[in-house]
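Only one structure is covered here, and it is reproduced in the block below.
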Amino acid sequence: MWAIRFLNGKLAGQEIPLQEGKYILGRSEDCQITIPDPGISKKHAALEVDEQGVIISDLKSSNGTFLNGVQIQESEIHNKDKVSICSTSFDIVKAKAQPAAFPVAYAQHPQMQHPQAPAVQNAQHGYPQHPYMPQPAPPPGQVAGDGNTNEPVKLTLKNWFINYLDKVVLPGIYKLPAVLDFKWVIGSFLVAFVVIMTSLSAFPLIEILNSSVAQESMNHAESIATTLARMNYEPIKSNMHSSASVEYALRRPGVSKAFIISAANGQIIVPSELAHTYSKIPFVNEGRKKDSASVKKMDSNTVGAMVPIQFYNKKTNTHNAEAYAVVIYDTGTLAFGNKRTVSLLIQNCFIALVLGTLLFFFLYKMIEFPIVSLNKQLSSALKDDSLSVQVDYDFQPLQNLTSNINSALSRISAAQELNQHTAAYDRLTEMNHMIEMIGYPTLGIDMESMKIQGVSASFEEETGVSTERILNYNIQEIDDQALKLNLSNLIDRVQQYPHEIASDSLEFSGVEFQLSAKGIHGKEELAYTLISFIPINQEQEEAV
């Protein structure tokens, strides 16, 4: 049984089983397999499935049908062959098992028949009605498409967060460039960042300002209290309380209360109108217990300062406090007003916006440059038949895009060369037939372009080397350095001794293979070379 496995596009990851019959592929809803791609014709290609295999044919589509990178009109498809129609790619694979039953909701739908059900023939065209059906959701704990029901995926906070970003947040973000110009999207993000960060910085900024004001207020209060104690030292020492005064302190900005109290009992000595009374301020009663100056923030708007007035005691040979100069200070005198705070925040926001504008300019140019460069190189390549473009950015998604563009250019060039030479003799078809006749994994290399233009179906499975990474690539463009060197060496030996078989060995995933290369002549020179990969242990068993 065969199946279509979509490799990219809106149906990426979906696998559709194929019964015997004929299937029309296209973007029209009348097709048996509808592919939502605007570049695909309404009825683009047809698949004929029978016991022998699968045959694909192009239905005179606008953009053509490509099999393994080569444009075709009709061709047989082998296992894991890659088919491209416009920007959608899929391969035809042998299904491992019969598809599971679909939910009842699909089975009851008039155009959602079960793949195992007998195909209903269209009276007019004779096509089986097998429209594309969405795969049923996997059971909880199973990853869609992995085919493994025994290894549940652990639900962690990280997995949940990543899934939430991919399914909820990012789809909305990706729609923004479709609504707004891309540069305005980036600019909006930067403006939002500047505004949010400026707003959040207001809280620590206000806290720092308040702390600074409180500290400055305590310094002022202590300074005034110290001066007040010094000015009243002699009157208190002479016990001339009527000569003591706190007018100096009361005239200072921010001082709400000022008085002198007795250290012995806490009674107010000065001012006279409060004499013989007691202060009800807790800070004052706490300060009397100390022989040193004390300063404290009493509440959010008030600071208190007490400085002792000390005299020398001959009996104890120490300095004892006889009274305390007390100052109550209002911090509002030094505090920043709301207008000043808002003004400071606006200044910070303006500076951040200026810097953000510069950042936006450089960020946008950094994003724009590789896209513009790729576009210019691609335009030049299409005009001059160049086969490569390049971008120096160390950014993997961009490098992957560049590789895909180079691959597409190579396939276009290969298709053009094939069309130019098919009139003389179809050597490519001959080479692929020869590859299929060989029982081992085999590569076919065109000797004119030095490109790998044929790969056996078992090559990827046996060696582990991805067919997509080597097919239609020049041997010098292969990423696997060991494979590239071995192929280059064999090609050189084949060119030097075209009538002999060149041999070498190479290891893949712990298995050693013997590489045997033989050149096939064309009319005047070597047309292509076949290189077979024979497992050495298997070869030895057969010899025994």
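Rounded to 0.05, the FRET efficiency of the S403 and S343 pair, given R0 = 51 Å and the Cβ-Cβ distance, is 0.40. When each of the peptides 282-291, 2-11 is scored by how many other beta carbons lie within 10 Å of its residues on average, the order from highest to lowest is 2-11, 282-291. Modelled spin-label separation between A202 and Q476, with each label point placed 7 Å from Cα along the Cα-to-Cβ direction: 6.4 nm. Other residues whose C-beta falls under 14 angstrom from the C-beta of S188 contribute a net charge of +1, scoring Lys and Arg +1 and Asp and Glu -1.
Take 44-51, 311-318 and order them by the average number of nearby Cβ atoms within 10 Å per residue, most first; the result is 44-51, 311-318. With each label modelled as a point 7 angstrom along the Cα→C-beta vector, the N159-S188 pair spans 3.4 nm.
In the range 187-203, whose amide N lies under 15 Å from the spot 7 Å out along Cα-to-Cβ of M366? List them in ranges. From the range 187-203, the list is 187, 190.
For the range 368-497, the relative contact order works out to 14 percent when only alpha carbon pairs closer than 8 Å and six or more residues apart are counted. Size descriptors for the range 201-343 (Cα atoms only): Rg and Dmax, in that order, 16.9, 61 Å. Taking a straight line from the alpha carbon of K451, these lysines sit under 29 Å away, with near neighbours fewer than eight places off in the same chain left out: K60, K80, K82, K94, K376, K383, K484, K518, K523.
Note on E74 and M1: with the Förster distance fixed at 30 Å, the Cβ-Cβ geometry gives a FRET efficiency of about 0.85. With all protein chains in place and a 1.4 Å probe, the accessible surface of the range 438-477 carries 41 percent carbon and sulfur. Computed from the C-beta positions of I351 and L180, the FRET efficiency with R₀ = 41 Å rounds to 0.95. Using C-alpha pairs below 8 Å separated by at least 6 residues, the relative contact order for the range 203-313 is 26 percent. As a length-normalised measure over Cα pairs under 8 Å and 6 or more apart, the relative contact order of the range 436-544 settles at 25 percent. Heavy atoms of the protein chains alone define the surface here; on that basis the range 199-269 has 56 Å² accessible area per residue at 1.4 Å probe size. When only alpha carbons are used to place a centre, the range 471-529 and the range 180-226 end up 69 Å from one another. Using a probe radius of 1.4 angstrom, the carbon and sulfur fraction of the accessible surface of the range 161-273 is 62%.
The peptide list 223-236, 346-359, put in order of mean Cβ contacts within 10 Å with the highest first, becomes 223-236, 346-359. The alpha-carbon atoms of the range 357-508 define a convex hull whose volume equals 140 cubic angstrom per residue.
Per residue, the range 1-82 exposes an accessible area of 48 Å² to a 1.4 Å probe, with every protein chain left in place.
In the calculated pair-distance distribution of the range 471-539, the portion above 18 angstrom amounts to 41 percent of the Cα-Cα pairs. The amide H of M298, built 1.01 Å from its N in the peptide plane, has V303, G304 as neighbours under 5 Å, considering only residues 5 or more places off or on other chains. Evaluating 6.51 cos²θ - 1.76 cosθ + 1.60 at θ = phi - 60° for every residue in the range 386-393, the Karplus couplings come out as 6, 10, 8, 10, 8, 9, 8, 5 Hz, glycine and proline recorded as x.
Set the Cα radius of gyration of the range 218-296 against 2.2 N^0.38 Å, with N its number of residues, and you get 1.04. Using θ = phi - 60° in the Karplus curve 6.51 cos²θ - 1.76 cosθ + 1.60, the 3J(HN,Hα) couplings for the range 459-476 round to 4, 5, 5, 7, 9, x, 8, 5, 4, 5, 7, 10, 5, 6, 9, 5, 4, 6 Hz; x is entered for Gly and Pro. Note on the range 370-402 and the range 284-338: Cα centroid distance 77 Å, given to the nearest whole angstrom. Apolar share of the accessible surface for the range 490-530: 44 percent from carbon plus sulfur atoms, 1.4 Å probe.
The values are calculated or read from the model by the stated rules, or taken from the named source; none is laboratory data. Since the structure is predicted, the reported quantities are computational estimates derived from the model, not experimental observations. When we count neighbours, we look across all protein chains shown, and the Cβ atoms used for this are built from the backbone with ideal geometry, even at glycine. The protein model used for the area step is the full one, side chains on, heavy atoms only, and it has no ligands, DNA or RNA in it. Shrake-Rupley method; radii C 1.70, N 1.55, O 1.52, S 1.80 Å.
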